[in-house]
């Protein structure tokens, strides 16, 4: 697959993914894994990398682009997924400035809507895991630490990596 | 609050920090974004950030990238938006590429599975904690109901675009009604 093809797949994926980048990852699976361009284990590996590295989860597509066409493929995937988002964000920001007085009343309930978005994302992350009792207790503990005690999530993730690594080492 | 004048290097630096220290996507990273841009650097206030987040959810593509673009544009126009997006993505891109190039997938996929699982568990808790912190920003009695409604709608499969639009619309009406009652 050529870098140009990778770019167009990611461009279309980015334009179609409203509400988050997970739609882009689904498009990548359909366009590259189901067609045989990318081996499923490489797709799974890059998804894992996207989850354990910081930043947006959708950077997993950069790894996929690398496996498809080396560094040019990685660059094409990166530009393809971020270009429409950059352009649309700029247009949205301009619109917000222009229509500020009209949008102001609509934005007052924003914290509640964002809380709903975050909670729904939590459910979508937790459900497929089929949590054991001790894992559900860990979720509750982290919720308290972040929601009530304002513990920096960086430390939470660092702790999670240590727990996972220890489990792997001693299993 | 009028927007601070922000230099391009400072803008890039802030988003490099965010891109290096934020896990689990945009909602799990809200506390970090607020700490870095609102509390530490005072480039925007909490209310402005709260207004940008639902808009970021409506922009096509990764929401975190959209939020970086929105904030970057607000501070330094088109160039600022591009720089913020690039700086946010740079650390993760470098790490993903390094690991993809240097580490054999077959050797690590199994080894990483437990780490990935515990990171996902942590992210679920971080997201719920972030939801609680967001909800606590408002004082409308109907706020909990609105949050629950948006959550249920999204989990049930409603398109995020519709859920956000309906949530903001219903919420604006509820808030206005409560202010009128008072």
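Going by the structure shown, is residue A:96 crowded, with 16+ Cβ neighbours inside 10 Å, at pLDDT below 90 and under 23 Å from residue B:79 (Cα atoms)? Reasoning before the result, please.
Details: crowded, with 16+ Cβ neighbours inside 10 Å: yes; at pLDDT below 90: yes; under 23 Å from residue B:79 (Cα atoms): yes.
So residue A:96 fits the description; yes.
Might you let me know whether the range A:30-41 holds any residue that is facing another protein chain (nearest Cβ under 9 Å), within 18 Å of residue B:102 (Cβ to Cβ) and either in a helix (DSSP H, G or I) or in contact with a strand residue (DSSP E or B) (Cβ under 7 Å, 6 or more places away or on another chain) (or both)?
The answer is yes; a qualifying residue exists.
Is it the case that the range A:50-69 has a residue that's facing chain B (nearest Cβ under 7 Å), over 16 Å from the mean Cα position of the chain (by Cα), within 29 Å of residue A:158 (Cβ to Cβ) and modelled with pLDDT of 80 or more?
yes
Can you go through B:66, B:92 and tell me which one is free of Cβ contacts under 8 Å to residues at least 60 places away in the same chain, farther than 16 Å from residue B:36 by Cα and either within 7 Å of chain A (Cβ to nearest Cβ) or surrounded by 24 or more Cβ atoms within 10 Å (Cβ to Cβ) (or both)? Please lay out each step first, then the result.
Working: B:92 fails: free of Cβ contacts under 8 Å to residues at least 60 places away in the same chain.
That would be B:66, the only listed residue that is free of Cβ contacts under 8 Å to residues at least 60 places away in the same chain, farther than 16 Å from residue B:36 by Cα and either within 7 Å of chain A (Cβ to nearest Cβ) or surrounded by 24 or more Cβ atoms within 10 Å (Cβ to Cβ) (or both).
Take residue A:72 and tell me if it is farther than 22 Å from residue B:18 by Cβ, modelled with pLDDT under 85, surrounded by fewer than 20 Cβ atoms within 10 Å (Cβ to Cβ) and touching a helix residue (DSSP H, G or I) at 6+ places or on another chain (Cβ under 6 Å).
On the way: farther than 22 Å from residue B:18 by Cβ: yes; modelled with pLDDT under 85: no; surrounded by fewer than 20 Cβ atoms within 10 Å (Cβ to Cβ): yes; touching a helix residue (DSSP H, G or I) at 6+ places or on another chain (Cβ under 6 Å): yes.
Considered against the rule, which asks whether it is farther than 22 Å from residue B:18 by Cβ, modelled with pLDDT under 85, surrounded by fewer than 20 Cβ atoms within 10 Å (Cβ to Cβ) and touching a helix residue (DSSP H, G or I) at 6+ places or on another chain (Cβ under 6 Å), residue A:72 comes out as no.
If residue A:55 satisfies every condition in (1) touching a helix residue (DSSP H, G or I) at 6+ places or on another chain (Cβ under 7 Å); (2) free of Cβ contacts under 8 Å to residues at least 12 places away in the same chain; (3) assigned to a helix (DSSP H, G or I) but one, which is the exception?
For residue A:55, the failing item is (3).
Name the single residue, out of those in the range B:37-56 being farther than 18 Å from residue B:133 by Cα and at the interface with chain A (Cβ under 8 Å from one of its Cβ atoms), that is surrounded by the fewest Cβ atoms within 10 Å (Cβ to Cβ).
Once the filter is applied, the top-ranked residue is B:55.
What's the number of the only condition in (1) at the interface with chain B (Cβ under 10 Å from one of its Cβ atoms); (2) surrounded by fewer than 20 Cβ atoms within 10 Å (Cβ to Cβ); (3) within 29 Å of residue A:118 (Cβ to Cβ) that residue A:12 fails to meet?
Going through (1) at the interface with chain B (Cβ under 10 Å from one of its Cβ atoms); (2) surrounded by fewer than 20 Cβ atoms within 10 Å (Cβ to Cβ); (3) within 29 Å of residue A:118 (Cβ to Cβ) one by one, residue A:12 breaks only (1).
Part of a helix (DSSP H, G or I), more than 7 Å from chain B (Cβ to nearest Cβ) and over 16 Å from the mean Cα position of the chain (by Cα): does that describe residue A:97?
Against the criterion (part of a helix (DSSP H, G or I), more than 7 Å from chain B (Cβ to nearest Cβ) and over 16 Å from the mean Cα position of the chain (by Cα)), residue A:97 qualifies.
The values are calculated or read from the model by the stated rules, or taken from the named source; none is laboratory data. What you are looking at is a predicted structure, and each value in this text was computed from that prediction instead of being measured. Using ideal geometry, Cβ is built from the backbone for each residue, glycine included, and neighbour counts are taken over all protein chains shown.
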